[in-house]
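J.: The following block contains the structure, expressed as structure tokens.
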Amino acid sequence: QNTYNTILTIFGSTGDLTIRKLLPAIEKLLKEKLLDDKTLIIAVGRRDYTDHTYLQFVEKELKVPLDTKALEPYLNYFKLNVEAIDDYVALKAFIDERSDENTRKAYYLAVGPELLKGIATMIGTSKLVEKEDIRSSITFEKPFGSDLESAQAINQLLWTYFDEKQIYRIDHYLGKEMIQNILTVRFANKIFESAWNNHTIKNVKIYAKETDTILSRAGYYDTSGALKDMVQSHLLQMLSLIAMEVPRSYQSEDLKNEKVEVLKKLRYDRKSLVIGQYDGYQNEPNITKGSKTETFVFFKAFVDTPRFKGVPFYLMTGKALEQKESVIIIEFEETSEQHKFDLPLFTNKLYIKIAPLDGISLTLNSKVPGLRNAVEEVDLDYCVACNAVGNLPEAYEKLILDMTKHSKSLFTRWDEIELSWQFIDQVKQDIQNKQIPLRIYKSAEELYSLIETMTGEKL
Ligand code: BG6
């Protein structure tokens, strides 16, 4: 029997995430030889498939083309009942036969939160992953818990069986090209490095807007909502990277140490909180009658560090909005000379565009060419995708690659998760105690004008 350099075992192989994100990412990594020929992918599922019929099923489910032929030589389907310890023991025998002392083994739990603890326990008790084995890792998808208490319970369980070094908690936004670029833009450019503080920055907007509704995820989404689904993870991660202090180094632990400090100093302005639910949500299949789950959230937050004290951070995310756009906008203060121009002028804005098009742009005041005395706002625009050779990697390609190499920078550490849940729990409690109204919205415009009236900020 051949042994492999890397064995990646995916639990939840018939799920949406595996089919839409993980397999296409793996296919690309294999094609580009970033995963070598001695890679084995084990797709674990409860249904009765062969390797071939599993890939046929994947092909049928996928809306985008996938070269399943390229995957087939590397893929094994393994039938397993997640509650049967014997099946895990059999899986271990299967893997042991195909590995030697150098094989890196990664277990990826692409399953719903309700299965997470059960599978992790089985992986631990069957010794698929042993604490001392630095070549094994275990990866968890978000949501990591549904509040602070449940996250702590999951984490306690994980620490019983695994070492923190072996645990990978995914936030797929961290794998996105422009999120990885935040630190370069901030710290490798003098003009931004020296301007990154409350003397120069007026406000920061962090938006993740979606046109999609909840699609077929009612079961999960109705118990979650925008705060837990998007803010706890993606938005707070972006905020941490924007607001963190200079790290001692750009190594994983040093970066996380600084991100955590931001979360400790984070507070929000309760009066600015707006929550909404798109019109029609109640009629989606499998939604609890009278559900109060928010599909939109906006609030103003502050990071009480000397660097950012007093600078508002506007966070907003929602479903069924007018466009798909994830963006961070840093707005700078007026210059001390602007008032003398006696002309309408603009503030500089730095746009870090995360999706759908990756890029950076910076707006400047520039004289309108010609004899009239006028100034216009011009845009220095850099489109990352336009200049990249070939397709830009998807977030999951980067994350899977890092996982198999045991590189942890782009994965979240427990204390980041703990602090972000603490924050979200507080907001949730306020929604309940202060009876923050849930606004039913037909269009994003209704919400934006409400927020503008409340905050005086143009969104
Ligand atoms: C996921 C959320 O984490 O992120 C989804 O669970 C959301 O509800 C998605 O649609 C958005 O990610 P992206 O990469 O499309 O911006």
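J.: Would you pick out the residues in segment 183-221 that are within 12 Å of the ligand (Cβ to nearest atom) and either charged (D, E, K, R) or crowded, with 22+ Cβ neighbours inside 10 Å (or both)?
T.: Correct list: Ala208, Lys209, Glu210, Asp212, Ile214, Arg217, Tyr221.
J.: Against the definition (closer than 15 Å to Val427 by Cα and surrounded by fewer than 23 Cβ atoms within 10 Å (Cβ to Cβ)), how does Tyr268 come out, yes or no?
T.: Yes; evaluated as a whole, the condition is true for this residue.
J.: State which residue pairs qualify: first residue among the hydrophobic types (A, V, I, L, M, F, W, C) and inside segment 205-222, second residue more than 8 Å from the ligand (Cβ to nearest atom) and not in a loop (DSSP other than H, G, I, E, B) in any location, beta carbons under 6 Å apart, and separation of 6 or more residues or different chains.
T.: Pairs found: Ile206/Leu235; Ile206/Met238; Ile206/Leu239; Ile206/Leu315; Ile206/Ile328; Ala208/Thr317.
J.: Suppose we keep only residues that are of a type in the set (Ser, Thr, Tyr) and crowded, with 16+ Cβ neighbours inside 10 Å within segment 154-172. Which one would you say is farthest from Pro113 (Cα to Cα)?
T.: Filtering first and then ranking leaves Tyr161.
J.: Please give the number of the condition His172 fails out of (1) within 25 Å of Ala320 (Cβ to Cβ); (2) free of Cβ contacts under 8 Å to residues at least 24 places away in the same chain.
T.: Condition (2) is where His172 drops out.
J.: Take the residues of segment 318-351 that are polar (S, T, N, Q) and not in a strand (DSSP E or B): which is surrounded by the fewest Cβ atoms within 10 Å (Cβ to Cβ)?
T.: Taking the candidates together, the pick is Ser336.
J.: Among the candidates Glu141, Glu149, which residue alone is surrounded by fewer than 16 Cβ atoms within 10 Å (Cβ to Cβ) and of a type outside the set (S, T, N, Q)?
T.: On inspection, the qualifying residue turns out to be Glu149.
J.: Run down Leu62, Leu55 and say which single residue is in contact with a Lys or Arg (Cβ under 8 Å, 6 or more places away or on another chain) and among the hydrophobic types (A, V, I, L, M, F, W, C).
T.: Criteria check complete, one pass: Leu62.
J.: Okay, next question. Within segment 167-182, does at least one residue satisfy the condition of being among the small types (Gly, Ala, Ser) and farther than 30 Å from Thr9 by Cβ?
T.: No, because not a single residue in segment 167-182 is among the small types (Gly, Ala, Ser) and farther than 30 Å from Thr9 by Cβ.
J.: Now for a different question. Select from segment 101-132 the residues that are at pLDDT below 95 and of a type in the set (Asp, Glu) and list them in ascending order.
T.: Glu101, Glu114, Glu132
J.: Tell me, which residue of segment 222-233 that is of a type in the set (Ser, Thr, Tyr) and near the ligand (Cβ under 10 Å from one of its atoms) is farthest from Asp358 (Cα to Cα)?
T.: Per the stated criteria, the residue is Ser224.
J.: Here is a list of conditions, (1) in a helix (DSSP H, G or I); (2) over 23 Å from Lys38 (Cβ atoms); (3) of a type in the set (D, E, K, R), and Lys127 meets all of them except one; can you say which number that is?
T.: (1)
J.: Please verify whether segment 363-380 includes one or more residues that are within 16 Å of the ligand (Cβ to nearest atom), of a type outside the set (A, V, I, L, M) and either exposed (fewer than 15 other Cβ atoms within 10 Å of the Cβ) or closer than 21 Å to Ile242 by Cα (or both).
T.: No, segment 363-380 contains no residue that is within 16 Å of the ligand (Cβ to nearest atom), of a type outside the set (A, V, I, L, M) and either exposed (fewer than 15 other Cβ atoms within 10 Å of the Cβ) or closer than 21 Å to Ile242 by Cα (or both).
J.: Return the residue satisfying two criteria in turn: it lies in segment 158-196 and is β-branched (Val, Ile, Thr) and in a helix (DSSP H, G or I), and of such residues it is nearest to the chain's Cα centre (by Cα).
T.: Checking each candidate, the answer is Ile179.
J.: Can you tell me which condition Thr404 does not meet? The list is (1) under 15 Å from Phe296 (Cβ atoms); (2) at pLDDT below 95; (3) buried (at least 20 other Cβ atoms within 10 Å of the Cβ), and all the others hold.
T.: (1)
J.: Right, here's the next one. Kindly indicate whether any position in segment 145-167 is at pLDDT 95 or above, within 13 Å of the ligand (Cβ to nearest atom) and touching a Lys or Arg at 6+ places or on another chain (Cβ under 8 Å).
T.: No: zero hits.
J.: Within segment 201-276, considering only helices (runs of 4 or more DSSP H) that don't extend past its boundaries, which have at least 3 residues that are under 18 Å from the mean Cα position of the chain (by Cα)?
T.: Helices (runs of 4 or more DSSP H) meeting the threshold: 236-243, 252-264.
J.: Within segment 103-125, count every residue that is crowded, with 17+ Cβ neighbours inside 10 Å, among the small types (Gly, Ala, Ser) and either on the phi > 0 side of the Ramachandran plot or away from the ligand (no atom under 16 Å from the Cβ) (or both).
T.: 3
J.: State all residues of segment 130-167 that are touching a His at 6+ places or on another chain (Cβ under 9 Å) and under 14 Å from Asp415 (Cα atoms); if no residue qualifies, say none.
T.: Residue satisfying the conditions is Lys165 alone.
J.: I want to confirm something. Restricting to segment 135-144 and keeping residues that are within 16 Å of the ligand (Cβ to nearest atom) and in contact (Cβ under 8 Å) with a residue 60 or more places away in the chain, which single residue is nearest to Met122 (Cα to Cα)?
T.: So, considering only residues that are within 16 Å of the ligand (Cβ to nearest atom) and in contact (Cβ under 8 Å) with a residue 60 or more places away in the chain, the one nearest to Met122 (Cα to Cα) is Thr139.
J.: Let me ask something else about it. Check Ala70, Ala43, Ala93 and return the single one that is small (Gly, Ala, Ser), more than 24 Å from Lys142 (Cα to Cα) and either free of Cβ contacts under 8 Å to residues at least 12 places away in the same chain or outside any helix (DSSP H, G or I) (or both).
T.: So the residue among Ala70, Ala43, Ala93 that is small (Gly, Ala, Ser), more than 24 Å from Lys142 (Cα to Cα) and either free of Cβ contacts under 8 Å to residues at least 12 places away in the same chain or outside any helix (DSSP H, G or I) (or both) is Ala93.
The values are calculated or read from the model by the stated rules, or taken from the named source; none is laboratory data. Everything numeric in this text was worked out from a predicted model, so none of it was measured. Methodologically, a virtual Cβ is constructed for each residue, glycine included, from the backbone with ideal geometry; neighbour enumeration extends over all protein chains shown.
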